[in-house]
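Have a look at the structure below before the remarks.
Each value in this text was obtained by applying a stated rule to the coordinates, not by laboratory testing. No experiment lies behind these values; they were computed from the predicted model shown. All Cβ positions, glycine included, derive from the backbone under ideal geometry; neighbour counts span all protein chains shown.
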Amino acid sequence: MLKSIYIENIAVIEKSSVSFENGFQVITGETGAGKSILVDSINFILGSRASRDIIRTGCDKAVVSAVFTDLPDSALGLVEDFGIDYEDELIIQRNFSSEGKNTARINGLPVTLSMLKDLGTHLINFHGQHENNNLLDSDFHLRYLDLFAGDEKERLDYAESYKKVRDLQKKLRAMNLDEKEKKIRTETLSFIIDDIDKASLKPAETGGETEEETLLKLRNILYNKERLKESVDRAWSLISEENGALLKIYESSKALSQIASLDSRLESLWKNIDRIYADLESFKDDFRDYRYDVLSENDNYNLDEVEERLSVFERLERKYNKTFGELLTYKEECERELEELKNSESRIEELKDELRGEIKTLRKKAETLTEIRKKAGKNLSEKIVSELSFLDMPSVKFECRISEAEPSEKGFDSAEFLISANPGEELRPISKIASGGELSRIMLGIKSVLSEAEEVPTLIFDEIDTGVSGKAAQKIALKLAQIAKHKQILVVTHLVQMAAMGDRHLLISKRTENGKTFTEVLPLDEKGRIEEIARILGGVDVTDAMRNTAAEMLRISESMKKNIT
């Protein structure tokens with residue numbers, strides 16, 4: 001769940017730290033107070049892009065940071081894949097600068113916006129006005145249906161088969177070249193193979209270095225050979241010469257050995273010096289071995305020859321845009337393709353047979369997917385009708401219609417939501433008949449149904465109550481309170497029915513001080529809630545009657561919530 005968010009220098013918010021809890025939390029405030037800034041800041045945490053215009057006037061940088069706890073398994077899996085340590089809290093931070101240098105971090109580790117977006121879908125399900133618009137696009141209907149069906153394994157199996165079919169079709173197209181193209185391709189492949197062969201590249205032994213890595217090290221030694229010899233000889237002399245370090249430490253050890261028994265502290269010093277003497281003896285041998293094994297042995301190598309060999313590798317790597325290790329793999333791929341071209345007729349027949357088999361498999365998997373979707377579509381329709389009936393659409397009819405479509409990576413199906421909102425009306429596409437208020441309720445019905453299947457712990461609704469009022473607004477508020485029994489719900493609202501139903505109420509207010517505008521986010525106690533709900537009811541002039549009405553609405557809402565199962 002979303003535990004807290006810290007916002008600094010975003011638009012009119014100078015500094016604000018907001019804590020969140022489980023359950024149903026409502027966010028209200030006057031128009032222009034900054035509700036959208038809080039919503040945008042949460043979206044930044046989820047990976048949305050931001051322009052430098054969001055930075056508060058007169059400031060060079062801005063920060064948004066959020067803390068999440070109790071991550072779902074799907075989010076934990078992604079965090080692990082990202083190589084991020086997680087114990088009790090996940091901290092996501094976005095930093096923005098007026099120079100356009102923006103960074104993102106998760107628990108201190110730099111991440112990309114695409115990583116944030118991937119993770120964000122497992123942390124928060126965000127519902128804004130554009131989600132309502134998605135209902136008008138039938139492409140999204142199949143996505144909602146699949147989310148409800150939970151048929152991920154079957155969809156992945158199908159997608160894998162679909163990719164195989166596409167790959168085989170691509171291979172066949174590549175092989176069905178005309179004779180002129182085939183000749184050009186054959187000559188090109190032959191040239192590449194011959195070009196790489198001339199270099200006599202040697203593959204690395206298992207766990208060993210490539211020839212290029214070995215020669216790069218050798219070049220470094222040969223280039224610095226005299227310097228290495230001089231320094232190694234100097235170090236060896238300082239240790240081993242007649243009046244060197246080894247002899248002096250030996251004499252020190254000998255002197256201490258004669259008196260070490262007189263004092264335990266001297267005995268410890270003597271043992272340490274004796275150990276240093278033994279180490280220096282070993283170092284002396286190591287220097288001698290290094291001089292022989294590394295420097296003397298390499299006398300047989302010529303720097304110019306090494307440079308020439310490395311230049312061959314560099315030319316090939318640059319020419320084919322491959323690393324040393326990739327060049328050999330690339331050559332093998334070219335050899336395989338050349339062999340296929342030489343035996344293209346028989347290979348084409350083999351590919352056609354393979355393609356026929358894969359298409360047959362694909363059709364079976366598509367049929368399985370279609371059956372799952374039809375069954376899920378019927379179930380989804382029934383559940384949404386039930387939800388919409390509760391949301392003050394008692395005569396509604398709803399159908400998720402599955403139709404055959406051109407094969408794609410999603411299957412052989414298309415899905416479209418049809419609705420009849422009033423008695424006597426025939427089912428028609430949502431885009432043709434649904435009003436703004438109906439769209440809000442239909443989307444809430446879908447979200448309510450999907451929330452039972454989804455792991456995402458937090459749902460945020462930005463003015464889900466657009467286009468509704470009265471009884472319908474009351475029902476939407478009650479439905480959100482019901483979802484909040486097993487999810488964290490945050491709702492930005494302008495309706496008193498919604499504000500009264502929340503378990504917790506956050507007020508966003510704006511003030512002007514010394515010519516500057518400041519926005520604050522404050523949790524309200526019972527008295528504060530009464531005052532804010534009364535303001536929403538009456539506008540500028542709040543009367544005692546309005547306060548009494550607000551208090552009564554809070555009491556009724558609490559009573560209604562107690563009956564939620």
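Which angle between 0 and 90 degrees, to the nearest 10, do you get for helix 344-390 versus the longest principal axis of the chain when only C-alpha atoms count? Helix 344-390 sits roughly 40 degrees off the main axis of the chain. Each of ASN302, LEU327, SER252 was scored by the projection of its Cα onto the charge dipole of the stretch 185-341, and the greatest displacement toward the positive side belongs to SER252; charges sit on the C-beta of Lys, Arg, Asp and Glu.
Of the residues ASN176, THR186, VAL111, the one whose Cα sits farthest towards the positive end of the charge dipole of the chain is VAL111 (charges of +1 on Lys and Arg Cβ, -1 on Asp and Glu Cβ, taken about the Cα centre).
Full extension of the chain segment joining LYS61 with GLU160 gains 31.1 nm, where the gain is 0.36 nm per residue of separation less the Cα-Cα distance. At a Förster distance of 60 Å, what's the computed FRET efficiency of ASP279 paired with SER346, Cβ-Cβ distance as r, to 0.05? Efficiency, from the Cβ-Cβ distance: 0.30.
For ASP503 and LEU310, what does the FRET efficiency come to when R0 = 51 Å and r is the distance between their Cβ atoms, rounded to the nearest 0.05?
Numbers: r = 69 Å, r/R0 = 1.36.
It comes to 0.15.
Considering the stretch 185-341 at the alpha-carbon level, its Rg and Dmax are found to be 26.8, 90 Å. Among 519-528, 302-311, 394-403, 39-48, sorting by the average number of other beta carbon atoms lying within 10 angstrom of each residue, highest first, gives 39-48, 394-403, 519-528, 302-311. Using helices alone, what [θ] at 222 nm do you get for the chain, with -39,500 (n - 2.57) per DSSP H run of 4 or more residues, divided over all residues and rounded to the nearest 500? Taking each H run of at least 4 residues, the total per residue is -18500 deg cm²/dmol. For the listed residue pairs LYS447/LYS471; LYS375/LYS475; LYS163/LYS322; LYS117/LYS432, the alpha carbons are over 24 angstrom apart in LYS375/LYS475; LYS163/LYS322; LYS117/LYS432. Maximal additional length on extending the LYS202-SER264 stretch stands at 16.2 nm, based on 0.36 nm per residue less the C-alpha distance. Compared with the alpha-carbon gap, the fully stretched path from SER435 to ASN95 is longer by 118.4 nm at 0.36 nm per residue. Extending 7 Å from the Cα toward the beta-carbon at both ARG49 and ASP289 defines two label points whose distance is 5.9 nm. Comparing SER16, ALA484, ALA473 along the charge dipole axis of the chain, the residue lying farthest to the positive side is ALA473, per the Cβ-charge model. Taking the structure as given and computing volume of the Cα convex hull per residue in Å³, which label from (i) 167; (ii) 311; (iii) 236 fits? Among (i) 167; (ii) 311; (iii) 236, the one derived from this structure is (ii). The modelled label-to-label distance for the pair ASN224/GLU332, using points 7 Å beyond Cα in the direction of Cβ, is 3.6 nm. Placing +1 on the Cβ of every Lys and Arg and -1 on the Cβ of every Asp and Glu, with no other charges, gives the stretch 346-447 a dipole of roughly 180 debye about its Cα centre. Can you grab the distance from the C-alpha centre of the stretch 397-454 to the C-alpha centre of the stretch 70-131, Å, no decimals? So the separation of the two Cα centres works out to 31 Å. The magnitude of the dipole of the chain, with charges of +1 and -1 set on the Cβ of Lys/Arg and Asp/Glu and taken from the Cα centre, is near 2280 debye. Each Lys and Arg contributes +1 and each Asp and Glu -1, all at the Cβ; summed about the Cα centre of the stretch 197-262, the dipole is approximately 200 debye. Averaging Cα coordinates gives a centre for the stretch 299-328 and one for the stretch 213-274; these two points are 39 Å apart.
Short-range pairs are left out: with C-alpha atoms under 8 Å and at least six residues apart, the relative contact order of the chain is 22 percent. Cβ-Cβ distance of LYS360 and SER19, R₀ of 60 Å, FRET efficiency by 1/(1 + (r/R0)^6): the value works out to about 0.55.
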